[in-house]
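The values are calculated or read from the model by the stated rules, or taken from the named source; none is laboratory data. All of these numbers come straight from a predicted model, not from anything done at the bench. With ideal geometry, Cβ positions are generated from the backbone for all residues, glycine too; neighbour counts draw on all protein chains shown. Ligands, DNA and RNA are stripped out before the accessible areas are found, and what is left, the full protein with its side chains, is counted by its heavy atoms. Shrake-Rupley method; radii C 1.70, N 1.55, O 1.52, S 1.80 Å.
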Amino acid sequence: MNFSKRLSNSILASSGFVLLLWCIQSAEILFSLDMHMFAVYPQRLSGALGVITAPLIHGSLQHLFSNSLPLLILLTALIYGYPKTRYKVLASVWILSGIGVWLFARESYHLGASGMTHGIFFYLLVVGILRRDKSSIGIMMIAFFMYGGMTMSIFPREPGISFEYHLFGGISGALAALMWFRLDPKPQVKRYTWERDGSDMDDPIIQDQWRDDVEQSRQFESELTRHTFSIDVDGTTEVEKDKHANK
């Protein structure tokens, strides 16, 4: 699959999920539905249903709007960059973040896709550090440049914002990266002609003159060794022998 087709499919898939969230929110408004029963309420058996359903509902249009663009961009990056682990990452972030909120969060209704966005962001961040190939580093830099503030939103800031969903989403994304960063194949590195093994290749400018220089150097070393003062068995040098012969 070529680059444009793969990217368009990734955008289409992430756009479809964001559109689903808007349809759910629109139905809630149009039919005056109370969706809080589908949120996570910590340490209540009835609130455990939210582990599955909470990322699909939002408290207001502003809440959904603030999550839509980050989800669209980060989900597209995940689907495009990591075809082998994308569904594993989504499932783990979805479930583990909800379980963490249900076990440890404050007694309140926790809902929204912000746990998903933070989980995907931290996955892209950690997996880029671990893999260190061009594609992963590029995706990580784009994600960090656009949404690097997510590294701070995992801490409590405003009472009405569920930082717990952010925190456990980030933790689950980082854990997913540690478990599965080797599964996706690294992109093939394009090698240019000048990067190939040049042991048998001549320089384009000096051609094979370097071979002549090497050969001359070897001959010179051989001559030098042959005429060096060598010590004979009796301990006299060749020069001393010549002197004795002249006498």
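Here segment 12-42 is the region considered, the condition is being within 32 Å of the chain's Cα centre (by Cα) and aromatic (Phe, Trp, Tyr), and the residue that is most open to solvent (accessible area, probe 1.4 Å) is TRP22. Screening PHE163 against (1) out of contact with any helix residue (DSSP H, G or I) (no Cβ under 7 Å at 6 or more places or on another chain); (2) surrounded by 14 or more Cβ atoms within 10 Å (Cβ to Cβ); (3) in contact (Cβ under 8 Å) with a residue 12 or more places away in the chain leaves a single unmet condition, (3).
Residues in segment 154-188 that are at pLDDT 95 or above and among the hydroxyl-bearing types (Ser, Thr, Tyr): 2 in all.
Contact annotation: residue pairs with Cβ atoms under 7 Å, 6 or more positions apart or on different chains, pairing a residue in segment 133-147 that is open to solvent by 50 Å² or more (accessible area, probe 1.4 Å) with a partner that is of a type outside the set (Val, Ile, Thr) and in a helix (DSSP H, G or I), are ILE137/GLY128; ILE142/ALA77; PHE144/LEU125. The helices (runs of 4 or more DSSP H) located wholly in segment 60-162 that include 2 or more residues which are within 18 Å of ALA39 (Cβ to Cβ) occupy 61-81, 86-104, 114-131.
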